[in-house]
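J.: Below is one structure. I have some questions about it.
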Amino acid sequence: MSSTSIPSRDEIAESDTWDLTKLYASEEGYQGDLERLKHEYPRYESFRGKLGQSADLLAKFLEFDRSVDILAERLGHYTSLRNAEDSSNPKNLARKAELANLMTKVREVTSFVTPEILAVPDDRFDSFLQDTALAEWRNSLRRLRRFRPHTLSENEEKILAAGAQVVRGHHETFSQLTNVDMSFGIITDGKGREVPLSQTTYISLLHNQDREVRRRAFEQFYKEFSDHRYTLASSLASSIRGDVFYARIRNYPSALEASLFGDDVPVAVYDNLIEAVRVNVSALHDYYDLRKQLLGLDEIHQFDTFVPLFPEIAKTIPFDEAIDLVTAALEPLGDEYVGTLRNGLKSRWADRYETKGKRSGAFSSSSYGNPPYILMNYRSDVLSDVFTLAHEAGHSMHSWFSQKFQPYQDYGYPIFLAEVASTFNEELLTQYLLQRAEDDRLRAYLIDRQIEDIRSVLFRQTMFAEFEKQTHAIEEAGGPLTLDVFTERYRALLEGYFGPRFVLDDPLKLECLRIPHFYSAFYVYKYATGISAAIALAQRVIREGAPAVDDYLNFLRSGGSKYPIETLQLAGVDMQTPDPVEETIGLFRRRLRELRELAAPAGT
């Protein structure tokens, strides 16, 4: 779809929009369920103080709680999708706000649930687990029980909840400072156009072919961060202290272990990731050498690392053809996977094109018992949008298989696993296109794209993860968290990851103050482990065929029924070893060699 102006939703074909009637056939249906939730949730009070009395009563409560959760999830799914399709529509905004207010009341009335279940004495709780009335709840109850050593008394939990906004105030400080107060000025691009410099346009300016534009954007951007560096350092220090405070008060050995506990991920997984990347970081140095060569540079700076080495191929792929291309690439996964995905995409799982008021980007969203929906802003002349469709389709099919094979309480998979299925699909699509590429320009584009994915996700996010580990360890050891400490630690990491032949401009050490994930620590490692697991699984499917496909489909079917490390082990990937990370870096090295060979005939 191409147009000189953005159409409104009533100007595009209904067949190009998602079909939300599968959630609610009419507004009356939605309002009816909303009223039902308002009527149902006060019944929680009837269970207060009784959850530890008997297995039968606990089972009765869990059944009621599940019915309310499924209802609330469906309502939330509908309101979020309506708001995403047009956030300028007052009805969508009002619907979302009303449900948010109602869900606050639901959370308040259910605040007793977890403390009551955790307060059940061990011998009685063990007898509950043996009772057939709770057979289908054993998994979720055991998971909840793990948190008992780290859960405080009801009054203490109330104090922590009340103080959370104070302890976590740095989030708001960081957001307001970087998104509202900071002003980056104007940049004139290579064509003489004035571009407001912002957090968003900064990255697009670093993609500019004009090196002088990139350099000026970099210097001007970090000048503003330098002007606020002490405030930002104070905010980051507060964030780290908050993490350590909560870990200590909940009896975790460290903030890192507190973060890993919910997914039952051993610290060794985190440490192995960092060690495996560090041992193989020379591959990244080789990439920067090749990038410098292909760009014809005497020296390479950070502002030279985003500009594409090869322009995107001029190719028009209508959305229906993109469906055919993606499903053809996924043929190794079998008829159920491919047929379900094809039928879903052709029967309006996806909201295809940009419209006025629609959320930017792309996502997949699901609720139990309902179709997984995909938001796209698809452009037929942008090849990377085909990869975006494959990525979101991976999320959707993960949700579809999980719902089909798991009960509600076990179907939700954790973030640790979420990016595996989506990145897996991109890997199969890359392999499919490379096998059929007759044009060296297309091959070079595809290879460069895959190299950049691994660089930005595996190497970069691992560097971030190492910084988070180091800075939290400083606080836990009683050391200072000052601007100088942050920038010195970060500069040392930049030197290690970028290598001795890379020119590190001094302002780059301030990057540690502007990464939003650092203010919600110990999340980024999941990106690095996710791409490693996805590539290892995709390579196994390509090499081994049917047995690997069966294991992979069982991974999708398992949802959240097992902890993520075990789930991946059953699929054939052990994240407790460095093997998946090393396999991913091995692919990175092979792609570098291929790119050198493709570039050599052109004399570059």
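The values are calculated or read from the model by the stated rules, or taken from the named source; none is laboratory data. Treat the numbers as computed from the prediction; the structure is a model and nothing was measured. All Cβ positions, even for glycine, are placed from backbone atoms using ideal geometry, and neighbour counts span all protein chains on display.
J.: Residues TYR78, TYR41, TYR30: which one is in contact with a Leu (Cβ under 9 Å, 6 or more places away or on another chain), hydroxyl-bearing (Ser, Thr, Tyr) and closer than 30 Å to LEU129 by Cα? Explain how you work it out, then say what you get.
T.: Working: TYR78 fails: closer than 30 Å to LEU129 by Cα; TYR30 fails: closer than 30 Å to LEU129 by Cα.
Just one listed residue meets the conditions, TYR41.
J.: Where the second residue is hydroxyl-bearing (Ser, Thr, Tyr) and part of a helix (DSSP H, G or I) and the first is closer than 14 Å to GLY560 by Cβ and lies in segment 123-146, which pairs have Cβ atoms under 7 Å and are six or more apart or on separate chains?
T.: Going by the 7 Å Cβ cut-off, the qualifying pairs are LEU144/THR114.
J.: Separate question: List pairs: first in segment 49-73 and among the β-branched types (Val, Ile, Thr) and modelled with pLDDT of 95 or more, second outside any helix (DSSP H, G or I) and surrounded by 15 or more Cβ atoms within 10 Å (Cβ to Cβ), Cβ under 9 Å, 6+ apart or cross-chain?
T.: Listed by first residue and then by second, the contacts come to VAL68/THR110; ILE70/SER367; ILE70/TYR368.
J.: From the list LEU537, LEU556, which residue is surrounded by 15 or more Cβ atoms within 10 Å (Cβ to Cβ) and within 20 Å of LEU433 (Cβ to Cβ)?
T.: On inspection, the qualifying residue turns out to be LEU537.
J.: Within segment 497-514, which residues are basic (Lys, Arg) and buried (at least 18 other Cβ atoms within 10 Å of the Cβ)? Outline the logic, then answer.
T.: Pass one, segment 497-514, residues basic (Lys, Arg): 501, 509, 514.
Result: LYS509, ARG514.
J.: Right, something else. Give just the number: which of (1) surrounded by 15 or more Cβ atoms within 10 Å (Cβ to Cβ); (2) over 30 Å from the mean Cα position of the chain (by Cα); (3) modelled with pLDDT under 95 does TYR41 not satisfy?
T.: (3)
J.: Looking only at segment 268-312, how many residues end up being assigned to a helix (DSSP H, G or I), of a type outside the set (A, V, I, L, M, F, W, C), buried (at least 17 other Cβ atoms within 10 Å of the Cβ) and out of contact with any Leu (no Cβ under 9 Å at 6 or more places or on another chain)?
T.: Count: 3.
J.: Something else now. Kindly establish whether ASP324 is at pLDDT 95 or above and either within 30 Å of ALA546 (Cα to Cα) or surrounded by 15 or more Cβ atoms within 10 Å (Cβ to Cβ) (or both). Break it down stepwise before answering.
T.: Working: at pLDDT 95 or above: yes; either within 30 Å of ALA546 (Cα to Cα) or surrounded by 15 or more Cβ atoms within 10 Å (Cβ to Cβ) (or both): yes.
Judged against the criteria, ASP324 is a match.
J.: Please identify the pairs in which a residue from segment 538-564 that is at positive phi has its Cβ atom under 8 Å from the Cβ atom of a residue that is among the charged types (D, E, K, R), counting only partners at least 6 apart or on another chain.
T.: If the second residue must be among the charged types (D, E, K, R), the pairs left are GLY559/ASP410.
J.: If you don't mind, there's one more thing I want to ask. Within segment 512-523, is even one residue closer than 16 Å to ALA276 by Cβ, of a type in the set (Val, Ile, Thr), in contact (Cβ under 8 Å) with a residue 24 or more places away in the chain and not in a helix (DSSP H, G or I)? Don't jump to the end; show me each part of the working.
T.: Of the residues in segment 512-523, the ones closer than 16 Å to ALA276 by Cβ are none.
No, the conditions are met nowhere in segment 512-523.
J.: For ARG48, all conditions in the list (1) of a type in the set (D, E, K, R); (2) under 30 Å from the mean Cα position of the chain (by Cα); (3) more than 30 Å from ARG352 (Cα to Cα) hold save one; what is the number of the exception?
T.: It fails just one condition, (2).
Quick grid of which residues meet (1) in a helix (DSSP H, G or I); (2) small (Gly, Ala, Ser); (3) under 17 Å from PHE61 (Cα atoms):
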| residue | (1), (2), (3) |
| --- | --- |
| GLU116 | yes, no, yes |
| ASP123 | yes, no, no |
| GLU136 | yes, no, yes |
| LEU141 | yes, no, yes |
| SER175 | yes, yes, no |
| THR178 | yes, no, no |
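J.: Can you pull out the residues in segment 558-604 that are hydroxyl-bearing (Ser, Thr, Tyr), part of a loop (DSSP other than H, G, I, E, B) and within 30 Å of ARG142 (Cβ to Cβ)? Break it down stepwise before answering.
T.: Narrowing segment 558-604 to residues hydroxyl-bearing (Ser, Thr, Tyr): 558, 561, 563, 567, 577, 584, 604.
Next cut, part of a loop (DSSP other than H, G, I, E, B) only: 561, 563, 577, 604.
Result: SER561, TYR563, THR577.
J.: Against the conditions (1) touching a helix residue (DSSP H, G or I) at 6+ places or on another chain (Cβ under 6 Å); (2) crowded, with 20+ Cβ neighbours inside 10 Å; (3) over 26 Å from VAL581 (Cβ atoms); (4) of a type outside the set (Ser, Thr, Tyr), where does LEU383 fall short? Just the number, please.
T.: The number of the failed condition is (1).
J.: Additional query: Of all residues in segment 584-602, which are under 25 Å from the mean Cα position of the chain (by Cα) and surrounded by fewer than 17 Cβ atoms within 10 Å (Cβ to Cβ)?
T.: If the condition is that a residue be under 25 Å from the mean Cα position of the chain (by Cα) and surrounded by fewer than 17 Cβ atoms within 10 Å (Cβ to Cβ), then GLY586 is the only one that fits.
J.: Does SER67 fit the bill of being in a loop (DSSP other than H, G, I, E, B) and hydroxyl-bearing (Ser, Thr, Tyr)?
T.: Details: in a loop (DSSP other than H, G, I, E, B): no; hydroxyl-bearing (Ser, Thr, Tyr): yes.
No; evaluated as a whole, the condition is false for this residue.
J.: Have a look at ALA100, ALA94 and point out the one that is more than 27 Å from TYR411 (Cα to Cα), surrounded by fewer than 16 Cβ atoms within 10 Å (Cβ to Cβ), of a type in the set (A, V, I, L, M) and free of Cβ contacts under 8 Å to residues at least 40 places away in the same chain.
T.: ALA94
J.: Return only the number of the condition from (1) hydrophobic (A, V, I, L, M, F, W, C); (2) surrounded by 15 or more Cβ atoms within 10 Å (Cβ to Cβ); (3) more than 24 Å from ARG142 (Cβ to Cβ) that PHE64 does not satisfy.
T.: Every condition holds for PHE64 apart from (3).
J.: Given the options TYR246, TYR252, name the one that is outside any helix (DSSP H, G or I), under 22 Å from HIS472 (Cα atoms) and not assigned by TED's automatic domain parsing to the domain that holds THR471. Steps first, answer last, please.
T.: Details: TYR246 fails: outside any helix (DSSP H, G or I).
After applying the criteria, what remains is TYR252.
J.: Which residue is farthest from TYR287 (Cα to Cα), if the candidates are limited to segment 310-327 and must be of a type in the set (A, V, I, L, M) and more than 26 Å from the chain's Cα centre (by Cα)? Give the derivation first.
T.: Going through segment 310-327, the residues of a type in the set (A, V, I, L, M) turn out to be 313-314, 317, 322-323, 325-326.
Then drop every residue that is not more than 26 Å from the chain's Cα centre (by Cα), which leaves 313-314, 317.
Numbers: ILE313: 22, ALA314: 26, ILE317: 31 Å.
Ranking the qualifying residues of segment 310-327, first place goes to ILE317.
J.: For segment 109-131, indicate whether the set of residues that are under 13 Å from SER54 (Cβ atoms), among the charged types (D, E, K, R) and surrounded by fewer than 17 Cβ atoms within 10 Å (Cβ to Cβ) is non-empty.
T.: Yes; the residues of segment 109-131 include at least one that is under 13 Å from SER54 (Cβ atoms), among the charged types (D, E, K, R) and surrounded by fewer than 17 Cβ atoms within 10 Å (Cβ to Cβ).
J.: Further question: Out of (1) more than 18 Å from the chain's Cα centre (by Cα); (2) surrounded by 20 or more Cβ atoms within 10 Å (Cβ to Cβ); (3) farther than 30 Å from GLU312 by Cα, what's the single condition that is false for TYR408?
T.: (2)
J.: For residues in segment 474-496 being in contact with a Ser or Thr (Cβ under 8 Å, 6 or more places away or on another chain) and either touching a residue at least 40 places away in the same chain (Cβ under 8 Å) or not assigned by TED's automatic domain parsing to the domain that holds LEU297 (or both), which is surrounded by the most Cβ atoms within 10 Å (Cβ to Cβ)?
T.: PHE486
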